[in-house]
Amino acid sequence: NITINPSAQVNSIATQVKCSGDLVTINLSTLNSVGSTTYSWTNSAPSIGLVNNSGNNITPFNAVNNGTEPIIATIIVTPSYTNGGVTCNGIPSTFTITVNPKAQVDLPANQVFCNGTNTSSINFTTENTLGSTTYNWTNSNPGIGLLGSGSGPIPSFPAINNGPIPLVATIVVTPTYTYAGVNCI
């Protein structure tokens, strides 16, 4: 008998965009049967949490990006098909994993106003780059003259306190970072 093994093959792998901290799952598969197929892979940016390795599949991992801009990792997967004691390598397949940074907002300074004065608007900033960051906020005490919630900058408003003690409102700002169509809150 003369056995001719097929070339090793790996099915195409979809590009992924994830937020830092998200679970990344990549299933490697092949059309080849009868023998066994294993894979080796290289990653241009191991800092995302995926190291260069080999095996039957890529182990799920949590995406990592501690920076301020997206990290784009190029993954090259090379299949190897084994049957009858002979291993045949195949054409590598390439895909990317983009890991967005965590959404971040710079902390504005605390503010104190007198009753009846107009506050200045509060604009939010971030250290993140390349994508866009939007902001939603909530106010713990609408009695000061500011709505209970909103998005974008906090607008100027007339400060209200008709009582005998200072009123304190805590504003909680939630940033959302968006890049490549993926929102990271």
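Below are the figures for this structure:
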{"item": "Per residue Cα convex hull volume in Å³ - calculated over segment 1-67", "result": "95"}
{"item": "Rg(Cα) / (2.2 N^0.38 Å) computed for segment 50-178, rounded to two decimals", "result": "1.83"}
{"item": "Whole-angstrom gap from segment 159-185 to segment 44-107, using each part's C-alpha centre", "result": "37"}
{"item": "Ranked order, CYS88, CYS184, CYS114 - accessible area, probe 1.4 Å, largest first", "result": "CYS114, CYS88, CYS184"}
{"item": "Surface share of carbon and sulfur [accessible, 1.4 angstrom probe, percent] for segment 81-185", "result": "57"}
{"item": "Relative contact order of the chain, pairs being alpha-carbon contacts under 8 Å that are 6 or more residues apart, as %", "result": "21"}
{"item": "Debye intensity ratio I(q)/I(0), log10, segment 111-157, q values 0.31 Å⁻¹ (C-alpha model)", "result": "-1.29"}
{"item": "Surface per residue (accessible, 1.4 Å probe) for the chain, Å²", "result": "57"}
{"item": "Total formal charge among the other residues, if their Cβ is under 14 angstrom from that of PRO60, Lys/Arg +1 and Asp/Glu -1", "result": "0"}
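The values are calculated or read from the model by the stated rules, or taken from the named source; none is laboratory data. Since the structure is predicted, the reported quantities are computational estimates derived from the model, not experimental observations. For neighbour counting, all protein chains shown are included, and Cβ atoms are generated from backbone atoms with ideal geometry for every residue, glycine included. Just the protein is used for accessible areas: all its heavy atoms, side chains included, with ligands, DNA and RNA removed. Shrake-Rupley method; radii C 1.70, N 1.55, O 1.52, S 1.80 Å.
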